[in-house]
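Student: Would you mind keeping the following structure in view while I ask a few things?
The values are calculated or read from the model by the stated rules, or taken from the named source; none is laboratory data. Nothing here was measured: the structure is a model prediction, and the numbers come from that model. With ideal geometry, Cβ positions are generated from the backbone for all residues, glycine too; neighbour counts draw on all protein chains shown.
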Amino acid sequence: MDVVIIGGDAAGMSAASRLKRIMPDTNVIVFEKTKDVSYSACGMPYNIGDPSREIDDLVVRPAKVFREKQGIDLRLNHEIIKIDPQKKIVYGLNEKGEFEQPYDRLLIATGAKAIRLDIPGNNLPGVFVLKNLEDARRIKKFIQEKGVKSAVIIGMGYIGLEMCEALRNWNISVQMVKPNPRFLPNFCEEIADKVKQEVENKGIELYFSKINEIKLNNNKLHVICDGFDLHCDMVLMAVGVAPNSELAKSAGLETSIKDSIAVDKTFKTSDNDIYAAGDCADTYNVITGKKTYVPLALLANRGGIIAADNIAGKKETFDGIVGTAVFKVFGFQVARTGLNAQEAKKYGFDPVSVTIRSSSRAHRHPGAKKILIHMVGDKGTGRLLGAQMVGEEGVAHRINSIAVALHAKFTVKEYFQCDLAYAPPFGPVWDPTLMGARQLLKRL
């Protein structure tokens, strides 16, 4: 069997490796349009922020390992430009010109692309996005060679906030701007305000305004907003990503949320011989049972493996995600999982929420830090719907217990009865999440 995979990062290479492990005689061909495969994209802001590190430190497994040790036919700098589902052929371009490749099964793992605002000057020299390893190389090289002293980040999401810290590590002054007047709108107001205060305390200037244009004058970039300009040496657009689904759409495959490729719980598309996984595809939300689009690293890796299993005839399914995420911004860990109150109401729940303050360690234990926890439950059923946290320690892994409870569809009461570990260096007798659940039970 000939299996063709379009895309050589998380989903694509996870699928290729899995197929060669369970079906070693399968001819697995991976087409990757760049020169990079299997790298830690989530580590890029931290690498950029460390002048001593090389970008290639982020490569998890070099191409030659896939070829020589696993027998995967991995072809770099090969871009697929067309899929013909009727003939079961993909068409592409490489340095030698056009090529075509027939397939028995096809996996589309084309990922997502960084969004550039549709404004004049969005592609001027010194205006960057950060989505792949080549983007990271360009940014780090520009900082080193141009002696960047000031930067404007358009957007205030996870990548933008992580890049704030990275740029400050180079002693670059940072201004951030976005049109939405709310900081971290998917978080409750108290947690969002806590993070906002931390960012501003580190000298980051925040502006909330429409962005109209970017101009280049006298070697300075000017970000033209409503009523004011921001001057800088470089601009980073960090306004989100969109699924790379053009190939799928042009081949007649069904699309879904935010134009992502529609897949079932086996990652099969609307064509029986074509699968899709990773940031180009949709998935299911375990809590709502509805389709959703959330580009997550774990989902991409898991999706590639499950797609490979089904291509091999194993009949594996994936229930979906609960949207667990964590990021670091200066001294804070910020995490969330499940639904916030607004999302819960949108999907027909009757949300009740509570915000509590707790400690990362036992009472009076040295080094204890404050943790702010927000939890949401459904008044009608008592079901646990989601949580958010912020603190200097004890947040990144604590959110996982709630994520597991959401997958298991626990009620708030069932979560409150969980037997969680206790020792003074790691938390109070009553874990902060149990304290949150107790207070939420009272509200429910």
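Student: Looking at the range 351-377, which of the residues that are hydrophobic (A, V, I, L, M, F, W, C) and under 26 Å from the mean Cα position of the chain (by Cα) is surrounded by the fewest Cβ atoms within 10 Å (Cβ to Cβ)?
Tutor: Filtering the range 351-377 down to residues hydrophobic (A, V, I, L, M, F, W, C) leaves 352, 354, 356, 362, 368, 371-373, 375-376.
If we keep only those that are under 26 Å from the mean Cα position of the chain (by Cα) too, we end up with 371-373, 375-376.
Values: Ile371: 26, Leu372: 23, Ile373: 29, Met375: 29, Val376: 25.
Checking each candidate, the answer is Leu372.
Student: Can you pull out every residue in the range 90-136 that is of a type in the set (D, E, K, R), surrounded by fewer than 17 Cβ atoms within 10 Å (Cβ to Cβ) and farther than 15 Å from Val235 by Cα?
Tutor: Step one: filter the range 90-136 for residues of a type in the set (D, E, K, R), giving 95-96, 98, 100, 104-105, 113, 116, 118, 131, 134-135.
Cutting the leftovers down to surrounded by fewer than 17 Cβ atoms within 10 Å (Cβ to Cβ) gives us 95-96, 98, 100, 104, 116, 118, 134.
Glu95, Lys96, Glu98, Glu100, Asp104, Glu134 - these are the residues of the range 90-136 that are of a type in the set (D, E, K, R), surrounded by fewer than 17 Cβ atoms within 10 Å (Cβ to Cβ) and farther than 15 Å from Val235 by Cα.
Student: Still on this model: Select, from Gly43, Gly7, Gly71, the only residue that is out of contact with any Asp or Glu (no Cβ under 6 Å at 6 or more places or on another chain), of a type in the set (Gly, Ala, Ser) and crowded, with 24+ Cβ neighbours inside 10 Å. Reasoning before the result, please.
Tutor: Working: Gly43 fails: crowded, with 24+ Cβ neighbours inside 10 Å; Gly71 fails: crowded, with 24+ Cβ neighbours inside 10 Å.
Going through Gly43, Gly7, Gly71 in turn, just one is out of contact with any Asp or Glu (no Cβ under 6 Å at 6 or more places or on another chain), of a type in the set (Gly, Ala, Ser) and crowded, with 24+ Cβ neighbours inside 10 Å: Gly7.
Student: Report, by residue number, each residue of the range 10-29 that is surrounded by fewer than 18 Cβ atoms within 10 Å (Cβ to Cβ) and either in contact with a Cys (Cβ under 9 Å, 6 or more places away or on another chain) or closer than 23 Å to Lys87 by Cβ (or both).
Tutor: Across the range 10-29, the qualifying residue is only Asn27.
Student: Hey, could you check the range 290-342 for residues that are under 21 Å from Glu165 (Cβ atoms) and of a type in the set (Phe, Trp, Tyr) and say which is surrounded by the most Cβ atoms within 10 Å (Cβ to Cβ)?
Tutor: Phe332
Student: Could you say which residue among Glu79, Glu95, Glu32 is out of contact with any Cys (no Cβ under 6 Å at 6 or more places or on another chain) and without any contact (Cβ under 8 Å) to a residue 40 or more places away in the chain? So that I can check it myself, show each step before the final result.
Tutor: Numbers: Glu79 fails: without any contact (Cβ under 8 Å) to a residue 40 or more places away in the chain; Glu32 fails: without any contact (Cβ under 8 Å) to a residue 40 or more places away in the chain.
None of the others qualify; the one that does is Glu95.
Student: Can we say Arg67 is in the same structural domain as Asp9 (by TED's automatic domain parsing), of a type outside the set (Asp, Glu) and without any contact (Cβ under 8 Å) to a residue 40 or more places away in the chain? Explain how you work it out, then say what you get.
Tutor: Values: in the same structural domain as Asp9 (by TED's automatic domain parsing): yes; of a type outside the set (Asp, Glu): yes; without any contact (Cβ under 8 Å) to a residue 40 or more places away in the chain: yes.
Considered against the rule, which asks whether it is in the same structural domain as Asp9 (by TED's automatic domain parsing), of a type outside the set (Asp, Glu) and without any contact (Cβ under 8 Å) to a residue 40 or more places away in the chain, Arg67 comes out as yes.
Student: Taking the condition of being charged (D, E, K, R) and under 18 Å from Tyr293 (Cα atoms), how many residues in the range 106-121 meet it? Let's see the steps before the verdict.
Tutor: Step one: list which residues in the range 106-121 are charged (D, E, K, R), which gives 113, 116, 118.
Pick out the ones that are also under 18 Å from Tyr293 (Cα atoms) and you get 113.
Total meeting the criteria: 1.
Student: Just wondering, is there one or more residues in the range 74-91 that are in the same structural domain as Tyr275 (by TED's automatic domain parsing) and part of a helix (DSSP H, G or I)? First the steps, then the outcome.
Tutor: Our first condition is that a residue be in the same structural domain as Tyr275 (by TED's automatic domain parsing); within the range 74-91, this holds for 74-91.
The next check asks that each one be part of a helix (DSSP H, G or I); those that pass are none.
So far as the range 74-91 goes, no, none of its residues is in the same structural domain as Tyr275 (by TED's automatic domain parsing) and part of a helix (DSSP H, G or I).
Student: Would you mind finding the one in Asp282, Asp264, Asp259 that is closer than 21 Å to Ala112 by Cα, of a type in the set (Asp, Glu) and touching a helix residue (DSSP H, G or I) at 6+ places or on another chain (Cβ under 6 Å)? Break it down into steps so the answer makes sense when it comes.
Tutor: Working: Asp264 fails: touching a helix residue (DSSP H, G or I) at 6+ places or on another chain (Cβ under 6 Å); Asp259 fails: touching a helix residue (DSSP H, G or I) at 6+ places or on another chain (Cβ under 6 Å).
It is Asp282.
Student: Of these, Ala387, Ala396, which one is outside the structural domain of Asn201 (by TED's automatic domain parsing), under 30 Å from Glu200 (Cα atoms) and assigned to a loop (DSSP other than H, G, I, E, B)? Even if it seems obvious, please write down each step before you answer.
Tutor: Working: Ala387 fails: assigned to a loop (DSSP other than H, G, I, E, B).
Ala396 is the lone residue from the list that is outside the structural domain of Asn201 (by TED's automatic domain parsing), under 30 Å from Glu200 (Cα atoms) and assigned to a loop (DSSP other than H, G, I, E, B).
Student: So, of the residues in the range 246-275 that are farther than 18 Å from Lys290 by Cα and in contact with a Leu (Cβ under 8 Å, 6 or more places away or on another chain), which turns out to be surrounded by the most Cβ atoms within 10 Å (Cβ to Cβ)? Reasoning before the result, please.
Tutor: First pass over the range 246-275, keeping only residues farther than 18 Å from Lys290 by Cα: 246-253, 271-275.
Add one more test, that the residue is in contact with a Leu (Cβ under 8 Å, 6 or more places away or on another chain), and what stays is 271, 273-275.
Numbers: Asp271: 18, Asp273: 13, Ile274: 22, Tyr275: 30.
By that ranking, first place goes to Tyr275.
Student: Let me ask something else about it. Conditions: (1) over 30 Å from Val354 (Cα atoms); (2) touching a helix residue (DSSP H, G or I) at 6+ places or on another chain (Cβ under 9 Å). Glu162 meets all but one. Number of the miss?
Tutor: Exception for Glu162: condition (1).
Student: Suppose the filter is in contact with a helix residue (DSSP H, G or I) (Cβ under 8 Å, 6 or more places away or on another chain), at pLDDT 95 or above and aromatic (Phe, Trp, Tyr); does Tyr293 pass it? Give the steps one after another, and end with the answer.
Tutor: On the way: in contact with a helix residue (DSSP H, G or I) (Cβ under 8 Å, 6 or more places away or on another chain): yes; at pLDDT 95 or above: yes; aromatic (Phe, Trp, Tyr): yes.
Yes.
Student: Which of the residues that make up the range 58-83 are under 14 Å from Gly7 (Cβ atoms) and not aliphatic (A, V, I, L, M)?
Tutor: Phe66, Arg75, Asn77, His78, Glu79
Student: Is it fair to say Arg398 is at negative phi, crowded, with 16+ Cβ neighbours inside 10 Å and touching a Phe, Trp or Tyr at 6+ places or on another chain (Cβ under 9 Å)? If you could, list the steps in order and put the result at the bottom.
Tutor: Details: at negative phi: yes; crowded, with 16+ Cβ neighbours inside 10 Å: yes; touching a Phe, Trp or Tyr at 6+ places or on another chain (Cβ under 9 Å): no.
Here the answer is no, as Arg398 does not meet what is asked.
Student: Are there any pairs with C-beta distances below 7 angstrom linking a residue in the range 172-192 that is in contact (Cβ under 8 Å) with a residue 40 or more places away in the chain to a residue that is among the hydroxyl-bearing types (Ser, Thr, Tyr) and in a loop (DSSP other than H, G, I, E, B), with the two at least 6 apart or on different chains, and if so which?
Tutor: What qualifies is Val177/Ser209.
Student: Does the range 300-318 hold any residues that are in contact with a helix residue (DSSP H, G or I) (Cβ under 8 Å, 6 or more places away or on another chain), among the small types (Gly, Ala, Ser) and not in a helix (DSSP H, G or I), and which are they?
Tutor: Ala312, the sole residue that qualifies.
Student: Could you look through the range 321-361, keep only residues that are in a strand (DSSP E or B) and of a type in the set (Gly, Ala, Ser), and pick out the one that is nearest to Glu198 (Cα to Cα)?
Tutor: If we filter the range 321-361 for residues that are in a strand (DSSP E or B), which is where we start, we get 321, 325-329, 332-338, 351-359.
Applying the additional criterion that residues be of a type in the set (Gly, Ala, Ser) yields 325, 335, 338, 353, 358-359.
Numbers: Ala325: 19, Ala335: 15, Gly338: 24, Ser353: 24, Ser358: 18, Ser359: 18 Å.
Among residues in the range 321-361 that are in a strand (DSSP E or B) and of a type in the set (Gly, Ala, Ser), the one nearest to Glu198 (Cα to Cα) is Ala335.
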